[in-house]
1. Hey, which of the strands (runs of 3 or more DSSP E) in the stretch 69-122, taking only ones fully inside, have at least 2 residues that are touching a residue at least 24 places away in the same chain (Cβ under 8 Å), more than 17 Å from residue 55 (Cα to Cα) and touching a helix residue (DSSP H, G or I) at 6+ places or on another chain (Cβ under 9 Å)?
2. Which residue is surrounded by the most Cβ atoms within 10 Å (Cβ to Cβ), if the candidates are limited to the stretch 9-66 and must be outside any loop (DSSP other than H, G, I, E, B) and out of contact with any strand residue (DSSP E or B) (no Cβ under 8 Å at 6 or more places or on another chain)?
3. Hey, can you tell me all the residues within the stretch 83-94 that are at pLDDT 90 or above and either under 16 Å from the mean Cα position of the chain (by Cα) or closer than 15 Å to residue 58 by Cβ (or both)?
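The values are calculated or read from the model by the stated rules, or taken from the named source; none is laboratory data. Computed from a predicted structure; not experimentally measured. Cβ placement follows ideal geometry from the backbone for every residue including glycine, while neighbour counts extend to all protein chains displayed.
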């Protein structure tokens, strides 16, 4: 099942190939201010369907995690990151975390929300 998503102004659009089992609410300083619910995918299951120049990137203090947002309306769209499931950055297993709040025509209320205590982890 393909799920389409877009920012507020539709300048940044994307697709993912499956429904997430869970979404993550991270309490770190960045994510809590952004208000995203993150759905994680391997890069092959994510496709940016709008021109890449419509996406701006924010990377705090390093280029390890690249936070994408729409260059026009500012909506936080997706993040390119190594896998952090072991507590360490696994660069051999990159992930794309998609802001599931931007899924079009999708009932996000039926997906379990997992809270990640990022405020105290890093």
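1. 90-99
2. Residues of the stretch 9-66 outside any loop (DSSP other than H, G, I, E, B): 13-16, 22-26, 29-34, 38-41, 43-48, 52-58, 66.
If we keep only those that are out of contact with any strand residue (DSSP E or B) (no Cβ under 8 Å at 6 or more places or on another chain) as well, we get 29, 33, 44, 52-53.
Values: 29: 12, 33: 9, 44: 8, 52: 8, 53: 8.
Restricting to residues being outside any loop (DSSP other than H, G, I, E, B) and out of contact with any strand residue (DSSP E or B) (no Cβ under 8 Å at 6 or more places or on another chain), the top hit is 29.
3. Result: 93, 94.
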